[in-house]
Amino acid sequence: MAGTAALILATTGIFALYGSLTMFDTMLSCAVLVGVIALIALDQGADRKAVLLLGAALGFGVFAKGPVILVHLMPLALTRPLWSAGLTRLGYGSWLLRIAAAVGVALVIVAVWLGPALILGGDAYRNDVLWRQSAGRMVNAFDHARPAWFFVAALPVLLWPWAWRGPALKMLSPGRIVASWQTRLLAIWFVATVALFSLISGKQIHYMLPALPAAALLLS
């Protein structure tokens, strides 16, 4: 299944196109994958190493494309009771404390660069980094502003050619998706990404690149 998922991802049209380009979204996809691995490891009992790995993934994601990494990973982090493998007795409160610790690790990593950059960059640079290129894109994009339904309408393009097959779509029935913790995790990862990015003002089809591994694993 793992090999099949890798082949599906590599031959999905959008990934094949954008994965070979020098763009932020490819680096962000790497950070998201590391973050998902860290969340699974944390759920299954790994503690300190998983927290550090998640913090590193969040920090690297911020370096790649700003705080948008939180849109990709926080839905999974906050919905752990819906997808947990149930291998440990870690309570939800303790889980959230570990997520907060990982965010703290990420803040330390980012501060090493962001602090000096903001001090030395000047007012215009601070405005671009802290508002225009992050929050400004989410609330009222200065470019790439598109309607809320854009990503839903783009799903056939995003998942071409594999999701165009009848047998593949049949395997994505709700009954099959809720049958295991793995498929629930993948469904939350993909659906939450599409839903949250639909609420963000700025939209480009390659913003969905970090969610394509979830779709590839589901289709496999």
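The values are calculated or read from the model by the stated rules, or taken from the named source; none is laboratory data. What you see is a predicted model, and the numbers here were worked out from it, not measured in a lab. Cβ coordinates were reconstructed from backbone atoms using ideal geometry, including for glycine residues, and neighbour counts include every protein chain displayed. Remember, those area values only see protein heavy atoms, side chains included, never the ligands or the DNA or RNA. Shrake-Rupley method; radii C 1.70, N 1.55, O 1.52, S 1.80 Å.
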- Task: Could you pull out the residue among ALA135, ALA148 that is over 29 Å from ASP43 (Cβ atoms), loosely packed, with under 14 Cβ neighbours inside 10 Å and at pLDDT below 90?
- Result: ALA135
- Those residues of segment 153-195 that are surrounded by fewer than 13 Cβ atoms within 10 Å (Cβ to Cβ), free of Cβ contacts under 8 Å to residues at least 60 places away in the same chain and either in contact with a Lys or Arg (Cβ under 6 Å, 6 or more places away or on another chain) or among the aliphatic types (A, V, I, L, M) (or both) come to a total of 3
- Which residue, of GLY93, GLY35, GLY59, is farther than 22 Å from ALA163 by Cα and surrounded by fewer than 14 Cβ atoms within 10 Å (Cβ to Cβ)? GLY93
- Message: Can you go through PRO67, PRO75 and tell me which one is touching a Ser or Thr at 6+ places or on another chain (Cβ under 8 Å), of a type outside the set (S, T, N, Q), closer than 27 Å to ALA154 by Cα and open to solvent by 50 Å² or more (accessible area, probe 1.4 Å)?
- Response: PRO67
- Query: Would you pick out the residues in segment 39-74 that are under 15 Å from the mean Cα position of the chain (by Cα) and more than 21 Å from PHE24 (Cα to Cα)?
  - Reply: LEU39, ILE40
- Note on the structure: Only one of PHE24, PHE15 is open to solvent by 10 Å² or more (accessible area, probe 1.4 Å) and closer than 15 Å to ALA214 by Cα, namely PHE15
- Query: Applying the selection to segment 196-217, what residues are within 17 Å of PHE151 (Cβ to Cβ), aliphatic (A, V, I, L, M) and open to solvent by 30 Å² or more (accessible area, probe 1.4 Å)?
  - Reply: LEU196, LEU199, ILE205
- Item | From the options ARG80, ARG89, residue that is at negative phi and at pLDDT below 95 | ARG89
- Note on the structure: Turns out the helices (runs of 4 or more DSSP H) fully within segment 154-220 with at least 1 residues that are modelled with pLDDT of 90 or more and over 15 Å from the mean Cα position of the chain (by Cα) are 174-177, 181-199, 212-219
- Query: Only one of ILE99, ILE109, ILE119 is within 22 Å of the chain's Cα centre (by Cα) and open to solvent by 50 Å² or more (accessible area, probe 1.4 Å); which?
  - Reply: ILE109
